[in-house]
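No lab work stands behind these numbers, since they all come straight from the coordinates. Note that the coordinates shown come from a computational prediction; the quantities given were computed from them, not determined experimentally. Here the Cβ positions follow ideal geometry from the backbone for every residue, glycine too, while neighbour counts run over all protein chains shown.
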Amino acid sequence: MIRNFRIGFVAAALVCSPVFMQSVSAQDKAPAAKAGAIPAEQRRAFEGVIREYLLKNPAIIREAMQVLQAQEEAEKQAAAAQALKQYRPELLQNADSPVGGNPKGDITVVEFFDYNCGYCKRVAPTVSAVLNNDPNVRIVYKEFAILGPQSLVAARAALAAKRQGKYHEFHDAMMSAEQADGDSVTATARALGLDYEKLVKDMEDPKITEQLERNYRLATALGINGTPAFVIGDRLVPGAVDETTMMEIIAAERAKLKTAPKAN
């Protein structure tokens, strides 16, 4: 009760502040004037009381901000959940996106990554461990080259390598490279025995450009603005999570599938 009173007090302070009062339109002011406006002297006195109270109890402002942040986070989560539902086909079933793990797995992990992202490189062994330890996980790779031109070169090359059946080997090599750039692309292509001329030509294919642009649009729609980011089942998981955490999320999403009502 005390907490609600305090937040209400802050709200009253804001509502009665000069900034708020000045923002009221002339149309809104007219009825108030007829009903009897608060005299300026009384308003100044009231504002003074509120100011003094807040200065003596500054923690109230922090408390109100925490409530606001919690509300904003809840709204963000709700928007993300709606976006995940809306874009699920693009997330899970886009035929151009490379797929790893068990193609028929009951849980799909979608990873947005950049080959020059240090956190992506750090989490790569975790992803590999999860796929090795859980044979019923499917992974969809979404190149999200946001760290400059060299990252874009590496992403194009990886998708071009897919056309020669070497996506996963190329992906692992880029994640292991100190720097993903033109030189590492060339060295990796030769080490894997790829047709380099074909690779370079395919890298400039407008279809690969469109695929990368779709990934950017999808990430934006989901509120993803950094790498790595994972979509696991119905959850958006930002950052380089550890293996235990990822396995726990997968287990929780798998349990939800078992309890979900079956479609007729």
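What the pair-distance distribution of the stretch 183-264 shows, using all Cα-Cα distances binned every 5 Å from zero, is 3, 11, 13, 11, 13, 15, 15, 10, 5, 3, 1 percent.
What's the ranking of 154-160, 100-106, 44-50 by average number of surrounding C-beta atoms within 10 Å, highest first? Please report the intermediate quantities before stating the final value.
Details: 154-160: 25.9, 100-106: 15.1, 44-50: 12.9.
Ranked by mean Cβ neighbours within 10 Å, highest first: 154-160, 100-106, 44-50.
For a test of the definition: using alpha carbon positions, the gyration tensor, and the 1.5 limit on a/c, classify the stretch 88-259 as rounded, prolate or oblate. Cα axes put the stretch 88-259 in the prolate bin.
Taking the Cα centre of the stretch 170-264 as reference, the dipole from Cβ charges on Lys and Arg (+1) and Asp and Glu (-1) amounts to some 700 debye. How large is ³J(HN,Hα) for each residue in the stretch 108-122, as worked out from phi by the Karplus curve 6.51 cos²θ - 1.76 cosθ + 1.60 (θ = phi - 60°), to whole Hz, x for Gly and Pro? Per residue, the Karplus-derived 3J(HN,Hα) values read 10, 9, 9, 10, 9, 8, 10, 5, 9, 8, x, 5, 5, 5, 5 Hz. Of Lys166, Lys198, the sequence from fewest to most neighbouring Cβ atoms within 10 angstrom is Lys198, Lys166.
Cα-Cα over 18 Å: which of Lys162/Lys201; Lys121/Lys162; Lys104/Lys258; Lys76/Lys142? From Lys162/Lys201; Lys121/Lys162; Lys104/Lys258; Lys76/Lys142, over 18 Å: Lys121/Lys162; Lys76/Lys142.
The loop-placed chymotrypsin sites (Phe, Trp or Tyr not before Pro) in the stretch 139-179, going by DSSP, include none that has at most 13 neighbouring Cβ atoms within 10 Å of its Cβ.
Ordering Met174, Gln86, Ala154 by the projection of their Cα atoms onto the charge dipole of the stretch 67-184, which places +1 on the Cβ of Lys and Arg and -1 on the Cβ of Asp and Glu, puts Gln86 at the extreme positive end. The Cα center of the stretch 98-170 and the Cα center of the stretch 68-94 differ in position by 22 Å.
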